[in-house]
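Below is one structure; the comments refer to it alone.
The values are calculated or read from the model by the stated rules, or taken from the named source; none is laboratory data. Because the structure is predicted, anything quoted here is derived from the model rather than measured. With ideal geometry, Cβ positions are generated from the backbone for all residues, glycine too; neighbour counts draw on all protein chains shown.
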Amino acid sequence: MRNKQLGTNGPEIPPLVLGGNVYGWTLDEPGSFRQIDRALDAGLNCIDTSDVYSRWIPGHVGGESEVVIGKWLAKTGRRSEVFIATKLGIDMGAGKQGLSPRYISEAVDASLRRLQTDYIDLYQAHTDDPETPLEETLGAFQKLIEAGKVRYIGASNYTGARLAEALETSKKNSLPAYISLQPHYNMVERQTFETDQLPVVTKYSLGVIPYFSLAAGFLSGKYRHDKQATNARAAHVKKYQTERGWAIVDALVQIAAELNAEPSSVALAWLMSKPGVTAPIASATNDAQLDALVAAAELKLDEATMRRLDEVSGAGYV
C-alpha cells in the first residue's frame, strides 16, 4: 500500500483514511479495538474522528469516539504507529462551539484527555466560524503547534471562497496554514467539491480527505430497489434513492462483479483516482467491510471503467 502526501507541506498518509465516527456508536469498544488492530496490520494507520462523535445519539455527550481510540492507545502503546486526525467547532452543548481562541484552547485539551495522548497529528476546524476573525482562529492554532499539542491543521466544510481567504490570511500574517480540506464528496455528491472547492485546493496544493465517501453506505451496494435502508443511517441515504442514485449503484454492482470486487471498493477506487483527492475517509462496522476498504486501496480502475462511472454519476448532479 503506497502512502500519499497530504498536501505540499503535509505528512504521508495511506491512500484511505479509517473513519472513527462508528466507534462507540454502531461499533462497540471491543469491536473497535479489533478493527483498529486489523487496520494497522493492513497498512491503514490514519484514523479520522471528531469531538462531536457521537453526540447525536440519545444519552451521548460527544467525545465517545475519541474515548474509544484513547483507550485503545492506552492499552496497546502504539501511539507512534497511528496518525490521528480529529476536529472541533460543531456544537457540543453548553455554548461549546466555534473557533474562538478561548474555545480552541479548551477543546484541544479535552480531545487530548479523551484520546490519552499529548499531541494530535491533524487538528481540523470541523466547520467555518464566521463570527471569529480568521487571524484569531489561525493565531490560536499557531499556539497549539508551538506548544507541541498539534502537528498540522486542516479545514472541513469550508466553501472555496472562505478556504482561499483563510489561506491568504495565513500568508499575509505569517500564520500556520491549513494543509488539507475535508469536503463532502462522493459519486452522488460531486457538484460542490468539483465546482467550488477543487479549484482552491488545486491552486494552493492542499490535501483532500473526503468524508461520506460511500454516501453513508449507499454506494456499498447493500441497498437496492427492493432492499431499502432501515438502519441507523437510513435518513442519510433516503435522498439518494432516486433514478440517478439507483443507476449509479447498478453500475457499481455490475463493475464490481466484472472485477471480482465489492461495490464499495469500486466506489472508493473511483474517488481515489479523482483529481485533487489524497485519501477518502470510510468507516466499517465488520470485518468484511474493513476488508473491502483495504482492497479499495489496491484496486486500480482503467480508463474505460472510470469513464463509465464518470458518465453515470455525472448525469445530473445532486
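Between TYR178, TYR185, TYR152, which is closer than 19 Å to LYS4 by Cα, touching a Phe, Trp or Tyr at 6+ places or on another chain (Cβ under 7 Å) and either touching a residue at least 60 places away in the same chain (Cβ under 8 Å) or buried (at least 20 other Cβ atoms within 10 Å of the Cβ) (or both)?
Working: TYR178 fails: touching a Phe, Trp or Tyr at 6+ places or on another chain (Cβ under 7 Å); TYR152 fails: touching a Phe, Trp or Tyr at 6+ places or on another chain (Cβ under 7 Å).
Criteria check complete, one pass: TYR185.
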Count - residues of the range 114-171 that are among the β-branched types (Val, Ile, Thr) and more than 27 Å from PHE212 (Cβ to Cβ): 2
Total residues in the range 1-16, condition aliphatic (A, V, I, L, M) and either modelled with pLDDT under 95 or surrounded by fewer than 18 Cβ atoms within 10 Å (Cβ to Cβ) (or both): 1
Single condition LYS238 does not satisfy, out of (1) at pLDDT 95 or above; (2) surrounded by fewer than 16 Cβ atoms within 10 Å (Cβ to Cβ): (1)
Among the candidates GLU66, GLU106, GLU81, residue that is among the acidic types (Asp, Glu) and without any contact (Cβ under 8 Å) to a residue 12 or more places away in the chain: GLU106
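I'm checking my understanding of the structure. Among residues of the range 78-133 that are among the β-branched types (Val, Ile, Thr) and more than 21 Å from ASN21 (Cβ to Cβ), which one is surrounded by the most Cβ atoms within 10 Å (Cβ to Cβ)?
Step one: filter the range 78-133 for residues among the β-branched types (Val, Ile, Thr), giving 82, 84, 86, 90, 104, 108, 117, 120, 127, 132.
Subset that is more than 21 Å from ASN21 (Cβ to Cβ): 104, 132.
On the way: ILE104: 25, THR132: 18.
Ranking the candidates gives ILE104 first.
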All positions within the range 37-56 that are in contact (Cβ under 8 Å) with a residue 24 or more places away in the chain, surrounded by fewer than 23 Cβ atoms within 10 Å (Cβ to Cβ) and over 25 Å from GLY89 (Cα atoms): ASP37, ARG38, ALA39, LEU40, ALA42, GLY43
Tally of residues being within 22 Å of the chain's Cα centre (by Cα), of a type in the set (Ser, Thr, Tyr) and assigned to a loop (DSSP other than H, G, I, E, B) across the range 110-149: 3
Members of the range 264-318 that are part of a loop (DSSP other than H, G, I, E, B) and of a type in the set (Val, Ile, Thr): VAL277, THR278, THR285, VAL318
